[in-house]
Amino acid sequence: MVELTIVIPCYNEQEVLPETVRRLGEVLGDLSGRGKVASTSHVCLVDDGSRDQTWSLIEQYAGEQTFVRGIKLSRNRGHQNALLAGLMTATGSVVISIDADLQDDLAAIEAMLDAHQAGAEIVFGVRKLREADTFLKRFTAEGYYRLLGLLSVDVVFNHADYRLMSRRAIDALREYEEVNLFLRGIIPLLGFRTATVCYDRSERFAGESKYPLRKMLSLAWNGV
Ligand code: UDP
Ligand code: MG
């Protein structure tokens with residue numbers, strides 16, 4: 001049976017963490033109750049140098065709940081680095097990455113596991129609609145994906161960092177040693193059998209976006 005690690009980068013996420021941990025605990029309990037994942041499956045919360053109570057909350061939950069683990073980065077290194085730290089440290093035989101604000105539908109986790117069971121080593125979560133985004137964000141994001149396509153970068157349209165990776169895929173990623181991280185551009189290069197799972201993306205349920213324009217542009221530039 002697969003042991004699942006759910007990797008979650010967290011930067012100043014004190015407003016969402018209690019609810020996020022509660023909901024993921026429910027999902028893991030349900031999946032392991034139905035024999036879909038091992039009972040040792042867990043979440044790995046990566047604190048990306050937060051300045052609020054994020055790390056104290058992670059420490060508290062890790063002390064109270066067996067399914068919670070935490071990693072603390074020495075300073076704010078950005079979402080992609082926090083994600084990579086989680087992926088490289090994860091011990092599960094299967095790893096799913098998701099944002100802390102749970103904008104991405106948790107029901108896709110089971111669909112990703114099913115696609116993995118059917119043979120996929122990487123399962124890309126793909127957003128159905130971009131209704132929750134502002135017109136500007138939708139327009140720039142879609143234009144950017146098109147630009148990457150023109151540059152022959154192999155990206156999955158409307159896929160961000162909600163995905164499943166098998167242990168084999170994680171080990172292949174480990175060999176890349178890329179420093180200008182744009183994981184959604186690297187992971188499709190790994191090869192292996194892949195699948196996609198479509199899901200709805202909602203609004204952040206608490207707190208504000210931790211991706212100001214500066215960080216978004218830096219990510220976009222690393223992609224190019
Ligand atoms: N994040 C991070 N480091 C940063 C900025 C963001 O680890 O420097 C995390 C954040 O906590 C969240 C994820 O990256 O889990 C995506 O951020 P957010 O949801 O704010 O981005 P948006 O959905 O607004 O694009
Ligand atoms: Mg978000």
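The values are calculated or read from the model by the stated rules, or taken from the named source; none is laboratory data. Just so it is clear, the model here is predicted, and its values are computed rather than measured. Every residue, glycine as well, gets a Cβ built from its backbone with ideal geometry; the counts of neighbours run over all protein chains shown.
General observations
- Residue, nearest to ligand 2 (Cβ to nearest atom), within the stretch 90-107, restricted to residues that are within 23 Å of G191 (Cβ to Cβ) and not in a loop (DSSP other than H, G, I, E, B): S97
- Contacts under 9 angstrom Cβ, first residue in the stretch 202-219 being within 12 Å of D99 (Cα to Cα) and at pLDDT 90 or above, partner within 7 Å of ligand 1 (Cβ to nearest atom) and assigned to a helix (DSSP H, G or I), 6 or more apart: K210/H79
Rundown of residues vs (1) among the hydrophobic types (A, V, I, L, M, F, W, C); (2) closer than 26 Å to R201 by Cα; (3) surrounded by fewer than 22 Cβ atoms within 10 Å (Cβ to Cβ), yes/no style:
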| residue | (1), (2), (3) |
| --- | --- |
| K72 | no, no, yes |
| G78 | no, yes, yes |
| T91 | no, no, yes |
| A100 | yes, yes, no |
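- Test: Y144 is touching a Gly at 6+ places or on another chain (Cβ under 6 Å) and in contact (Cβ under 8 Å) with a residue 12 or more places away in the chain: no
- Residue in the stretch 118-137 that is small (G, A, S) and within 16 Å of ligand 2 (Cβ to nearest atom) present: yes
- Of all residues in the stretch 91-133, those being touching a helix residue (DSSP H, G or I) at 6+ places or on another chain (Cβ under 7 Å) and hydrophobic (A, V, I, L, M, F, W, C) number 9.
- Residue among V179, V197, V153 that is closer than 24 Å to T91 by Cα and either assigned to a loop (DSSP other than H, G, I, E, B) or within 12 Å of ligand 1 (Cβ to nearest atom) (or both): V179
- When residues of the stretch 30-84 are limited to those that are hydrophobic (A, V, I, L, M, F, W, C), touching a residue at least 40 places away in the same chain (Cβ under 8 Å) and not in a strand (DSSP E or B), the one nearest to V2 (Cα to Cα): V37
- Sole exception among (1) over 19 Å from D105 (Cα atoms); (2) of a type outside the set (D, E); (3) surrounded by 12 or more Cβ atoms within 10 Å (Cβ to Cβ) for Q117, by number: (3)
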